[in-house]
Amino acid sequence: MAENLLLLYDRPLEPCFLPKGPEKKSFIVPHEYMTARYKALPEQVVNDIADYYTNDKIPVKQISIPDSAKFREILSFPREASFSLFIPKHREIAGYLIATFTGMVTFEDLLAMAVYTRDRINPYLFNYGLSVAIIHRPDTQHLELPAFIQSFPYKFLDGKVLQKASEELGVVPDSYKMPIEVPRHYTATDLEEEQRLAYFREDIGINSHHWYWHLVYPYSGKEANKDRRGELFFYMHQQVIARYNFERLCNSLNRVLPWSDWKTPIKEAYFPKLDSQVAARVWPARMENQLIKNLNRDNINMAVSDLIQWNDRIIEAIDRNQVRTKDGLMELTEETGIDVLGNMVESSVLSPDRNFYGDLHNMGHAFISLAHDPDNRYLEDSAVMGDTATAMRDPVFYRWHSYIDGLFQRHKNKLNPYTKQQLEFKDIKMNDVFVEAPNGVKNNLYTFWQKSDLQLSRGLDFRKWGSVYARFTHLQHQPFTYNITVTNDTGGERMGTCRIFLAPQQDERKVDFVFRDQRTMFIELDRFTVALKQGPNTIKRHSKESSVTIPFHKTFDNETISSITQSARSDYCRCGWPEHMLIPKGTEGGMRCQLFVMISDYELDKVGETTSSNECKDAMSYCGVKDRKYPDKRAMGYPFDRPSTSTTLNSFLTSNMIVVSCKIFFNDRVVQPHKQPL
């Protein structure tokens, strides 16, 4: 069964011959595949250990192991090191591993290579490399990856919680086990104003989304060459910043200040309170007012001035509307310019000239994550900014990405405003829109705290098998329905794309936004195709159908692999904004917002590709559709991605648009889990 490959994600530090998964399957590992420690034991001893714990065994084919310089680099990467996709050498080695896995001719060869490498190489590197290969290989892409937190709960939860979970797992019988409570605030007190946003920054679903997005869109290899990949890098992160600023306004904080002067200290401190499962160390903290310094470690020899030079070259390219390539010059056009810039700034292997424009985004993460030990004199690993699964926990992530977004907005602000013809949908008239939650007031949205349970045992190495749960508290909103009425005054049915956005109405001073500033504050809530019959139409759409989010169980699913049907597997997605974070927190008195709905002409939106009902597309707004073109020809963020001559939102509207005032009410109550643990 192909699903057996996924057992290699369980208990990542335990050797392959020990049981994996609730069904306690183990791999029959050829003696030649054993690591030195277990090769030193008599073969019968190893077999006896495995037989004692195992219910079923999985045969592993013996293949020829590569002996190339690149493969030796994979094996020589320290098993206990902190693996970071933002460090060039780590990224390069990850590319070698992905190529090794994708290059296996048969599934049996892939399984054998995965078994051989799993116990030899860095567990984070292994997880990343195998995950990218599974997503992109034709014979494995139907498999759904286990939730990342199941393999590495240490990247998401306080070490104290995991210690209690180990005790519960090892001592208490299953029928008496209790979920381990995760404190809502454990990284700082209210003396630190940034702690008001801890519920957002440290949310498990948000950080899982960020890790998975970078998994679907790797930096190198043929797997990186995806439709509008650079533009999607821009848009997904722009939306993260818009959402974060929305949350800051909900918590009486100013919008985030971009980190633009790299020779001045970083004001914000961050103490993650996380343990590194692999290195058996705590994740390093960053003190207040820490400077980034020149790096001389991890195969990096780079100065802060390199960041400044790359940045200056990128700004020059934007201002000239022209970038340098290996073959000459390329114009930054209205249609493709943002995609080119996204690949250049990130930067991925698709950058037009990586030697010239450098590695700005990634190395920014690296400089920040290594600020505490830039020359490795203290033998410290990188901090949370160096890992895609943890970076969003740090307040400086949002300052850095606000700056990165500013580069993209510099380009966008040079584009011509949309004309009325580019915005309108002739003879389509929006009449009314309102949102309604059960037992709620029309055009009011409601948020609160929700407790949920999460299975941990598959990530707790060298403990007895069983069930143990962490109970964590996260933001949640009451489900709601959009009610849209629109008239089609043409002679027949028309197809349109319904686009729904939400923005705060007022800024930090409680003054209504001017449209120039508000347009970058709009967060996308949904996007879907709609058929409009002649005459009046009523459209109802439930919040759970959002094209932005994935359901809670798809972020944290704990079912055994074999229990999921083939039809469910084929549309199983983990990339997407978490459903419970669709709506910002709001305020107890009601955060004043504006809900914007537009229906655009589908004939101008369509890309000429159809997608089947079982394709992974339920969070297409931020993640696209797997192995397909991005399913919307318009610029990502349309119609708010360009400057406008309008000074107010109302003056921006055409007949196929409508805006309504609404409020988000936050109730500071905690709802207990209302169903069985996920």
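The values are calculated or read from the model by the stated rules, or taken from the named source; none is laboratory data. On a predicted model such as this, the values are computed, not experimentally measured, just so you know. Using ideal geometry, Cβ is built from the backbone for each residue, glycine included, and neighbour counts are taken over all protein chains shown. Note: accessible area is taken over every heavy atom of the protein model, side chains too, but ligands, DNA and RNA are not part of it. Shrake-Rupley method; radii C 1.70, N 1.55, O 1.52, S 1.80 Å.
Some points to look at:
- Total residues in the range 17-55, condition hydroxyl-bearing (Ser, Thr, Tyr), open to solvent by 20 Å² or more (accessible area, probe 1.4 Å) and modelled with pLDDT of 75 or more: 2
- Taken over the range 333-375, the criterion of being touching a Gly at 6+ places or on another chain (Cβ under 6 Å) and either among the aromatic types (Phe, Trp, Tyr) or open to solvent by 20 Å² or more (accessible area, probe 1.4 Å) (or both) is satisfied by ASP339 alone.
- Of the residues in the range 385-392, none is on the phi > 0 side of the Ramachandran plot and either of a type outside the set (A, V, I, L, M) or open to solvent by 20 Å² or more (accessible area, probe 1.4 Å) (or both).
- In the range 639-653, the residues that are surrounded by fewer than 20 Cβ atoms within 10 Å (Cβ to Cβ) and either outside any helix (DSSP H, G or I) or in contact with a Pro (Cβ under 9 Å, 6 or more places away or on another chain) (or both): ARG642, PRO643, SER644, THR645, SER646, THR647, THR648, LEU653
- Any hit, the range 454-467, residues being over 21 Å from GLU167 (Cβ atoms) and among the polar types (S, T, N, Q): no
- Every listed requirement among (1) assigned to a loop (DSSP other than H, G, I, E, B); (2) within 22 Å of TYR219 (Cβ to Cβ); (3) out of contact with any helix residue (DSSP H, G or I) (no Cβ under 8 Å at 6 or more places or on another chain) is met by LEU85 save one, (3).
- Scan of the range 173-222 for residues that are at pLDDT 95 or above and among the aromatic types (Phe, Trp, Tyr), ordered by number: TYR199, PHE200
- Filter result for THR610 (under 20 Å from THR529 (Cβ atoms), among the β-branched types (Val, Ile, Thr) and surrounded by 18 or more Cβ atoms within 10 Å (Cβ to Cβ)): no
- Residue within the range 139-147 that is farther than 27 Å from SER467 by Cα, touching a strand residue (DSSP E or B) at 6+ places or on another chain (Cβ under 7 Å) and open to solvent by less than 20 Å² (accessible area, probe 1.4 Å) present: no
- Residue check for GLU588: over 28 Å from GLN422 (Cβ atoms), at pLDDT 95 or above and open to solvent by 40 Å² or more (accessible area, probe 1.4 Å): yes
- Filtered residues of the range 179-196 (kept if outside any loop (DSSP other than H, G, I, E, B) and either within 29 Å of LEU169 (Cβ to Cβ) or out of contact with any Leu (no Cβ under 9 Å at 6 or more places or on another chain) (or both)): ILE180, GLU181, GLN195
- Verdict on PHE246 being out of contact with any strand residue (DSSP E or B) (no Cβ under 7 Å at 6 or more places or on another chain), at pLDDT 95 or above and not β-branched (Val, Ile, Thr): no
- Here the range 485-520 is the region considered, the condition is being more than 23 Å from LEU649 (Cα to Cα) and acidic (Asp, Glu), and the residue that is nearest to the chain's Cα centre (by Cα) is GLU493.
- The condition of being assigned to a helix (DSSP H, G or I), at pLDDT below 95 and open to solvent by less than 20 Å² (accessible area, probe 1.4 Å) holds for only one of ILE74, ILE93, ILE134, that being ILE134.
- The set of residues in the range 101-128 that are open to solvent by 10 Å² or more (accessible area, probe 1.4 Å), assigned to a helix (DSSP H, G or I) and without any contact (Cβ under 8 Å) to a residue 60 or more places away in the chain comprises GLU108, ASP109.
- Count - residues of the range 217-240 that are open to solvent by less than 20 Å² (accessible area, probe 1.4 Å), touching a helix residue (DSSP H, G or I) at 6+ places or on another chain (Cβ under 8 Å) and either closer than 29 Å to TYR96 by Cα or not in a helix (DSSP H, G or I) (or both): 13
- Condition broken by THR481, with the remaining ones in (1) open to solvent by 30 Å² or more (accessible area, probe 1.4 Å); (2) within 29 Å of the chain's Cα centre (by Cα); (3) farther than 22 Å from GLU202 by Cα; (4) at pLDDT below 95 satisfied: (4)
- Of residues in the range 459-477 being outside any strand (DSSP E or B) and among the hydrophobic types (A, V, I, L, M, F, W, C), the one most open to solvent (accessible area, probe 1.4 Å): PHE462
- Residue in the range 427-440 that is nearest to GLU334 (Cα to Cα), counting only those that are part of a loop (DSSP other than H, G, I, E, B), touching a residue at least 24 places away in the same chain (Cβ under 8 Å) and open to solvent by 40 Å² or more (accessible area, probe 1.4 Å): ASP427
- Residue in the range 521-551 that is farthest from the chain's Cα centre (by Cα), counting only those that are within 17 Å of LEU502 (Cα to Cα) and aliphatic (A, V, I, L, M): MET521
- Every residue from the range 506-525 that is under 15 Å from ALA242 (Cβ atoms) and in a strand (DSSP E or B): ILE523, GLU524, LEU525
- The set of residues in the range 152-172 being out of contact with any strand residue (DSSP E or B) (no Cβ under 6 Å at 6 or more places or on another chain), in a helix (DSSP H, G or I) and modelled with pLDDT of 90 or more consists of PRO153, LYS155.
- Residue match in the range 404-418 (condition: under 30 Å from LYS533 (Cα atoms) and more than 22 Å from the chain's Cα centre (by Cα)): yes
- For the range 410-420, the count of residues that are open to solvent by 40 Å² or more (accessible area, probe 1.4 Å) and not in a loop (DSSP other than H, G, I, E, B) is nonzero.
- Taken over the range 495-521, residues that are open to solvent by 50 Å² or more (accessible area, probe 1.4 Å) and touching an Asp or Glu at 6+ places or on another chain (Cβ under 8 Å) amount to 2.
- The single condition among (1) surrounded by fewer than 19 Cβ atoms within 10 Å (Cβ to Cβ); (2) under 19 Å from ALA389 (Cα atoms) that VAL171 does not satisfy is (2).
- Test: ALA165 is surrounded by 20 or more Cβ atoms within 10 Å (Cβ to Cβ), without any contact (Cβ under 8 Å) to a residue 40 or more places away in the chain and not polar (S, T, N, Q): no
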